[in-house]
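See below for the structure under consideration.
The values are calculated or read from the model by the stated rules, or taken from the named source; none is laboratory data. All values reported here derive from a predicted model rather than from experimental measurement. Neighbour counts run over all protein chains shown; Cβ positions are idealised from the backbone, glycine included.
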Amino acid sequence: MKKDMYIFPAIIGKEKNEKEYSVYFPDLDVATSGVDKADAFESARELLGLVIYGKEQDKEKIPKPSKIESLKIGKNEYVIQVMYSCQ
């Protein structure tokens with residue numbers, strides 16, 4: 001049964017020598033980036049939607065989201081929650 005909404009944790013970060021913020025979804029093993037935090041977050045929302053839609057179309061299992069406290073993050077990283085609504 002399809003869900004109406006999915007929320008997955010993503011790790012966002014930027015190293016000093018990088019120009020963009022990177023966003024990684026550990027549960028889905030996909031990543032994206034953006035020129036600033038807002039752009040990175042929007043790219044993450046779009047990517048999550050594409051991945052979930054693709055998995056539903058291909059009848060693939062959608063993994064259960066990790067708990068935030070279980071994720072390992074680096075010095076310049078933090079966790080965000082990204083939501084995709086199927087409606």
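Within segment 22-76, being closer than 20 Å to ASP4 by Cα and among the hydrophobic types (A, V, I, L, M, F, W, C) holds for PHE25, LEU28, ALA44, LEU47, LEU48, LEU50, VAL51, ILE52, ILE62. Identify, please: which residue in segment 1-34 is modelled with pLDDT under 95 and of a type in the set (A, V, I, L, M) and is, among those, farthest from ASN76 (Cα to Cα)? The selected residue is MET1.
The set of residues in segment 51-87 that are farther than 18 Å from ILE12 by Cβ and among the hydrophobic types (A, V, I, L, M, F, W, C) comprises ILE52, ILE62, CYS86. Taking the conditions (1) at pLDDT 95 or above; (2) out of contact with any helix residue (DSSP H, G or I) (no Cβ under 8 Å at 6 or more places or on another chain) in turn, GLU69 satisfies each one other than (1). Look at segment 22-49: where a residue is touching a residue at least 40 places away in the same chain (Cβ under 8 Å) and a partner is assigned to a helix (DSSP H, G or I) and polar (S, T, N, Q), sitting 6+ places away or on another chain with Cβ atoms under 9 Å, you get VAL23/SER43.
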